[in-house]
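Only one structure is covered here, and it is reproduced in the block below.
A short reminder: the numbers here are calculations on the coordinates, not readings from a lab. Bear in mind the structure is a predicted one, so any value in this text is a computation, not a measurement.
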Amino acid sequence: MIWRNQVVEETTLLEEIQWNGAKEQEVLKELEKEDRQSWEENGIVYMNRRIYVPNNRKIKDNILQENHEPVDTGYPGQQWMMELIKRNYWWPGIKNDVKNYVQECFKTRCDT
């Protein structure tokens, strides 16, 4: 079930991704291929059916936080959080960002 505030948050996140517009070189190369695995639609790049997240720390942190602190599942570990995020999003270095986020959480927030 999707709650109204989740839809608003998702829309805001997608708008931020659209407005960012920056793309890493590897993403531009993928878009040039004609294999239809990557495409751009309404300012959002899709790579293997997942939303490409540009190199913007604020956007990435929002996604990491949303997927690490969901109300219904509690704090997932690194592997489960990675699975949650990969369902919808992709960016270069995603695995390392998830690892660092979870490690930092366990050092500071999750132990309380």
Seminar exercise, completed: Percent antiparallel among DSSP beta bridges confined to the range 4-107, rounded to 5, stands at 75
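For each pair in Lys86/Lys107; Lys58/Lys99; Lys23/Lys60; Lys29/Lys95; Lys60/Lys95, compute the distance between the two Cα atoms and list the pairs where it is over 19 Å. Could you put the intermediate results ahead of the total?
Details: Lys86/Lys107 24 Å; Lys58/Lys99 17 Å; Lys23/Lys60 14 Å; Lys29/Lys95 21 Å; Lys60/Lys95 12 Å.
Listed pairs above 19 Å: Lys86/Lys107; Lys29/Lys95.
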Seminar exercise, completed: Non-local residues with an amide H under 5 Å from the amide H of Val45, with H modelled 1.01 Å from N and Pro and chain starts lacking one, are Tyr52
